[in-house]
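A.B. asks: Below is a structure I'd like to ask you about.
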Amino acid sequence: MDRDVEVVVIGAGQAGLSTAHHLAREGFAPGTGFVVLDADARAGGAWQHRWPSLTLARTHHVHDLPGLPFPAAADDVPAAAAVPAYFADYEQTFGLPVRRPVRVRAVRRTGDDRFLVETSDGDWTAHAVVNATGTWTRPFVPRYPGQELFRGRQLHPVDYRGAEEFAGQSVVVVGGGASAVQLLGEIAEVADTTWVTRRPPVWREEPFGPEAGRAAVALVADAVREGRPPSSVVGVTGLVVTPWVRAARERGVLDRLPVFDRLTEDGVAWDDGRFVRADAVLWATGFRAALGHLAPLHLRGPGGGIRMAGTHVAGEPRVHLVGYGPSASTVGANRAGREAARELRRLLHPAAELPRSA
């Protein structure tokens, strides 16, 4: 496999595999025209790290990767088993040039207008870079006074392995997203739970439809076009009230409190005098884009965001961020991978007669 290629794709999750598929269809040769570098030891992207109780029935819909349908599976199959198996089959079916485990440490410009990709397995050079690293490796925990004093356990969903480890305890769950609601419901079956959020949750009684999806994507797309950090889409889509959620609400599990003001040695406290004892605090407070290896390119603006033009960084047509901002979903990543591949074909092979992707 060449160390000097036209395109380096960083990450082999949904976004990276979609991009690789479309690069091949656009005429880039696997292994010489492009390579995919993945930090994990096996296929599956972030899905392989999800908690065991996350079954296919409880996920947001897993969209097919281009060209190969997701195989039928029972609703109770863990997503951490089913999705990685599908990704591994996808890589083999299309002969995608995935190298792993390869951790990208830095991407730099070279003197000859190329990119140097420094990794744990040596360096690559490329005319263009597609970043598809997602967010799983950058869990976000906000800062609150007293965190260093709390004697209980503090964890994020990336650390969560199952509700049984909290049996008989008092657990505070922080966060207003779908993961917070799911984990809260699980833990409440074996523990005393308290739910806190910065804003009151917005419940969606009707199914999540195309109109809400377009509104959510437009909200995030506006942010990245203006160079602002991508925001959460929960404020637009709301939390869907499934039968499981409705039952949890009826049990009082989803009665929320405004977020506390500080942590103490043995719990959380509010300035109005309220106190809740806690053995553990679960920070279900989301993620940030994993882009630290791109820091030498100085892509971020004064506000901390990256101004985007479609899938590429504004003013940097050879640096694409797929699965970032409005494409940070399985279906969005598919579309962004196709768009990035087509743009790179036009840029790097403007006069070539290459096959067009579907």
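The values are calculated or read from the model by the stated rules, or taken from the named source; none is laboratory data. All of these numbers come straight from a predicted model, not from anything done at the bench. Positions of Cβ are backbone-derived with ideal geometry, glycine not excepted, and every protein chain shown enters the neighbour counts.
A.B. asks: Given the structure, is residue 185 under 23 Å from the mean Cα position of the chain (by Cα), over 21 Å from residue 257 (Cα atoms) and of a type outside the set (A, V, I, L, M, F, W, C)?
C.D. replies: no
A.B. asks: Same structure again: So, in the range 298-327, exactly how many residues are closer than 12 Å to residue 16 by Cα and in a loop (DSSP other than H, G, I, E, B)?
C.D. replies: Residues that pass the stated criteria total 3.
A.B. asks: For the range 264-276, which positions are surrounded by 14 or more Cβ atoms within 10 Å (Cβ to Cβ), touching a strand residue (DSSP E or B) at 6+ places or on another chain (Cβ under 7 Å) and of a type outside the set (Gly, Ala, Ser)? Lay out the reasoning, then the answer.
C.D. replies: Going residue by residue through the range 264-276, those that are surrounded by 14 or more Cβ atoms within 10 Å (Cβ to Cβ) are 264, 266-270, 276.
Adding the requirement that they be touching a strand residue (DSSP E or B) at 6+ places or on another chain (Cβ under 7 Å) leaves 266-269, 276.
Hits for the range 264-276 are 266, 268, 276.
A.B. asks: A follow-up question, please. Kindly list the number of the only condition in (1) at pLDDT below 95; (2) closer than 30 Å to residue 152 by Cβ that fails for residue 274.
C.D. replies: Here residue 274 clears every test but (1).
A.B. asks: How many residues does the range 328-337 contain that are part of a loop (DSSP other than H, G, I, E, B) and of a type in the set (Ser, Thr, Tyr)?
C.D. replies: Summing the residues that are part of a loop (DSSP other than H, G, I, E, B) and of a type in the set (Ser, Thr, Tyr) in the range 328-337 gives 1.
A.B. asks: Still on this structure, I have one more. Since residue 160 meets every condition but one in (1) aromatic (Phe, Trp, Tyr); (2) farther than 25 Å from residue 247 by Cα; (3) crowded, with 18+ Cβ neighbours inside 10 Å, which condition does it not meet?
C.D. replies: For residue 160, the failing item is (2).
A.B. asks: Ok, one more. Taking the residues in the range 129-161 that are without any contact (Cβ under 8 Å) to a residue 24 or more places away in the chain and in contact with a strand residue (DSSP E or B) (Cβ under 9 Å, 6 or more places away or on another chain) as candidates, determine which candidate is farthest from residue 49 (Cα to Cα).
C.D. replies: Taking the candidates together, the pick is 148.
A.B. asks: Further question on the same structure: Of the conditions (1) in a helix (DSSP H, G or I); (2) modelled with pLDDT of 95 or more; (3) out of contact with any helix residue (DSSP H, G or I) (no Cβ under 6 Å at 6 or more places or on another chain), residue 245 clears all except one; give me its number.
C.D. replies: (2)
A.B. asks: Right, something else. Is it the case that the range 262-283 has a residue that's in contact (Cβ under 8 Å) with a residue 60 or more places away in the chain, under 30 Å from residue 15 (Cβ atoms) and among the hydrophobic types (A, V, I, L, M, F, W, C)?
C.D. replies: Within the range 262-283, one or more residues are in contact (Cβ under 8 Å) with a residue 60 or more places away in the chain, under 30 Å from residue 15 (Cβ atoms) and among the hydrophobic types (A, V, I, L, M, F, W, C).
A.B. asks: Hey, among 44, 67, 95, 27, which residue is among the small types (Gly, Ala, Ser) and under 26 Å from residue 287 (Cα atoms)?
C.D. replies: Numbers: 67 fails: under 26 Å from residue 287 (Cα atoms); 95 fails: under 26 Å from residue 287 (Cα atoms); 27 fails: under 26 Å from residue 287 (Cα atoms).
Testing whether each residue is among the small types (Gly, Ala, Ser) and under 26 Å from residue 287 (Cα atoms) leaves just 44.
A.B. asks: What residue, of 72, 79, is at pLDDT below 95, closer than 28 Å to residue 243 by Cβ, touching a helix residue (DSSP H, G or I) at 6+ places or on another chain (Cβ under 6 Å) and not β-branched (Val, Ile, Thr)?
C.D. replies: 79
A.B. asks: Which of (1) part of a loop (DSSP other than H, G, I, E, B); (2) within 21 Å of the chain's Cα centre (by Cα); (3) not assigned by TED's automatic domain parsing to the domain that holds residue 316 is the odd one out, the single condition residue 158 does not satisfy?
C.D. replies: Residue 158 satisfies all of (1) part of a loop (DSSP other than H, G, I, E, B); (2) within 21 Å of the chain's Cα centre (by Cα); (3) not assigned by TED's automatic domain parsing to the domain that holds residue 316 except (1).
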